[in-house]
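S.K.: One structure, as structure tokens, below. Some questions next.
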Amino acid sequence: MDTIADFLTMLRNALAARHKEVTVKYTRMRYELARVLLEEGFISNFRVDGEGIKRQLIISLKYLDDGTPVIRGLERVSKPGRRIYVGCDEVPRVMGGLGIAILTTPAGIVTDREARNRRVGGELICKVW
């Protein structure tokens, strides 16, 4: 199973249905992805609820004044069947800098901008715009 793709699909479906929140099972990777989305302003907030194996991640989605979701698109890049790794000089720009690419690096889970600034490469997880 691809838990990251499931996470992105749950976000995509909740945005299409105009939900205020989406609840997903907690994993450290999903937590870090939500942290990056919050830092970049794509979601309004998130919190962890419960304990042990019943822990859940509750993500508050963000919409514009006219009801349009802030997240226009989510795309999974590196998949379990085909991993995509990029060097620090090969980190892609998403929509000319309007979106972000999320990478796992030795420095943790970072955006494309941070990876370029820190001069680190890694696995290209997904793109968000």
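The values are calculated or read from the model by the stated rules, or taken from the named source; none is laboratory data. None of these values were measured; they are calculated from a predicted model. FYI the Cβ positions are ideal-geometry reconstructions off the backbone, even for glycines, and counts take in every protein chain you see. Protein only, heavy atoms only, side chains kept; ligands, DNA and RNA dropped before computing areas. Shrake-Rupley method; radii C 1.70, N 1.55, O 1.52, S 1.80 Å.
S.K.: Find the residue count for region 98-117, including only residues that are of a type in the set (Lys, Arg) and free of Cβ contacts under 8 Å to residues at least 24 places away in the same chain.
M.R.: Within region 98-117, residues that are of a type in the set (Lys, Arg) and free of Cβ contacts under 8 Å to residues at least 24 places away in the same chain number 1.
S.K.: May I ask you to say which residue of ALA107, ALA115 is open to solvent by less than 60 Å² (accessible area, probe 1.4 Å) and either modelled with pLDDT of 95 or more or of a type in the set (Asp, Glu) (or both)?
M.R.: ALA115
S.K.: Within region 38-94, work out how many residues are in contact (Cβ under 8 Å) with a residue 40 or more places away in the chain and in a loop (DSSP other than H, G, I, E, B).
M.R.: Of the residues in region 38-94, 11 are in contact (Cβ under 8 Å) with a residue 40 or more places away in the chain and in a loop (DSSP other than H, G, I, E, B).
S.K.: Could you check region 42-55 and list, in sequence order, the residues that are under 21 Å from VAL77 (Cβ atoms) and either open to solvent by 40 Å² or more (accessible area, probe 1.4 Å) or not aromatic (Phe, Trp, Tyr) (or both)?
M.R.: Within region 42-55, just ILE43 meets the criteria.
S.K.: Collect the residues in region 1-29 that are under 13 Å from VAL110 (Cα atoms) and surrounded by 19 or more Cβ atoms within 10 Å (Cβ to Cβ), keeping them in residue-number order.
M.R.: none
S.K.: Moving to a separate point now. Give the number of residues within region 56-93 that are among the acidic types (Asp, Glu) and surrounded by 13 or more Cβ atoms within 10 Å (Cβ to Cβ).
M.R.: Here the count works out to 1.
S.K.: Give me a count of the residues in region 29-44 that are closer than 17 Å to THR68 by Cα and of a type outside the set (A, V, I, L, M).
M.R.: Result for region 29-44: 3.
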